[in-house]
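The values are calculated or read from the model by the stated rules, or taken from the named source; none is laboratory data. Just so it is clear, the model here is predicted, and its values are computed rather than measured. Methodologically, a virtual Cβ is constructed for each residue, glycine included, from the backbone with ideal geometry; neighbour enumeration extends over all protein chains shown. Just the protein is used for accessible areas: all its heavy atoms, side chains included, with ligands, DNA and RNA removed. Shrake-Rupley method; radii C 1.70, N 1.55, O 1.52, S 1.80 Å.
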Amino acid sequence: MPPSTFTDALIGLEAAASSKLFHGYGPRPIPHELDGQVEQFIDAYLSAAPDERTLLESLPDFAASVLLAFAERRAAFAIRMKSKQLLLHSVVAVGLAAEIGDDDREGMLVMPLPWHSAELLGVDPAEVFKHAAAILPETGTRALLAFSQRLPEDRTLSCMGYEAGSDEGGFRYVRTW
C-alpha cells in the first residue's frame, strides 16, 4: 500500500534506510522491489504541498546515498523503458540527495548518468535538469543548474567513473573505478 502523504513516505524511507535494507542496493538487478519504495517517496514529494516538502530537511544525511543509488538505477531503467518520467525521477532524486547530503561531490558523480540517458532518449538534458530544478529546494536547484553549466567534457560518463554497459536485464551504467 503506497504511503498516503509525503510525511508517511519520508518516515518509511528513513526507517528502511536506517534498517540496512538498502545495503548493497545499487548493484542489485534492475528493477528491484526496493526501487518501488524510493519511487513512492519521489512521487509523494512531487505531489506534496510546498509546506509539507520542507519536511525533507528532517531526513538524515545517510538517506542521500539511497537516493543517489536510486538515481543511478532509474537513469538506466529510463533507457530500458524509453521513459522520460523515469528520467525525471532520476534527476529529482539527485537533487533531493543534494538537499540532505553533506557532500556535494557524491551527487556530482551521479549527474552524468541522467544527463547521458536524456541524450540517448533524444531529450535535451539541460531542459530536464532545468525542469527538475524548478521542483526542488535551493540546494538541489543550485546543484542541478551548476552541473548543467559545466563544460561538455566535464559532464561525461568517463570523467565521473562510469561507462554504458548492460547486464542480464538490459542497459545499465557500470562503474569503472
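For a label point 7 Å from the Cα of Lys82 along Cα→C-beta, name the residues of region 133-177 whose backbone N is under 20 Å from it.
165-167, 169-173
Just the number please: accessible area per residue for the chain, 1.4 Å probe, all protein chains included, in Å². Let's see the in-between values first.
Details: 8520 Å² over 177 residues.
The answer is 48 Å² per residue.
If each of Asp102 and Cys159 carries a label point 7 Å out from its Cα toward its Cβ, how far apart are those two points in nm?
2.9 nm
Using a 1.4 angstrom probe and counting only protein chains, how large is the accessible area of His23 in Å², to 10?
120 Å²
Given an 8 Å cut-off on Cα distances and at least 6 residues of separation, report the relative contact order of region 118-177 as a percent. Let's see the in-between values first.
Numbers: 46 pairs, mean separation 10.5, N = 60.
18 percent.
With Cα extents along the principal axes in Å as the read-out, I listed (1) 38, 35, 27; (2) 53, 44, 22; (3) 96, 39, 22; which label goes with the value calculated from this structure?
Computing Cα extents along the principal axes in Å and matching it to (1) 38, 35, 27; (2) 53, 44, 22; (3) 96, 39, 22 gives (1).
If the only charges are +1 at each Lys and Arg Cβ and -1 at each Asp and Glu Cβ, what is the size of the charge dipole of region 90-177 around the Cα centre, to the nearest 20 debye? Can you show the working numbers first?
Details: 7 positive and 14 negative charges, 23 e Å.
Roughly 100 debye for region 90-177.
Under a straight-distance cross-link criterion of Cα-Cα below 14 Å, which aspartates and glutamates are reachable from Lys84, leaving out those fewer than 8 residues away in the same chain?
Within the straight-line limit of under 14 Å, Lys84 reaches these aspartates and glutamates: Glu119, Asp124, Glu127.
Measure out, as a whole number of angstrom, how far apart the alpha-carbon centroids of region 143-177 and region 10-35 sit.
For region 143-177 versus region 10-35, the Cα centre distance is 22 Å.
If you roll a 1.4 Å probe over region 7-101 with all protein chains in place, what percent of the accessible area is carbon or sulfur?
Using a 1.4 Å probe with all protein chains present, region 7-101 comes out at 57 percent carbon and sulfur.
What relative contact order, as a whole-number percentage, does the chain give when Cα pairs under 8 Å and 6 or more residues apart are counted?
19 percent
Using a Gaussian network model of the chain whose springs link C-alpha atoms within less than 10 Å, name the residue from Pro114, Pro152, Pro29 with the highest mean-square fluctuation.
Pro152
Put a dot 7 Å past each Cα toward the Cβ at Thr7 and Thr176; how far apart are the dots in nm?
Spacing of the two 7 Å Cα→Cβ label points: 4.8 nm.
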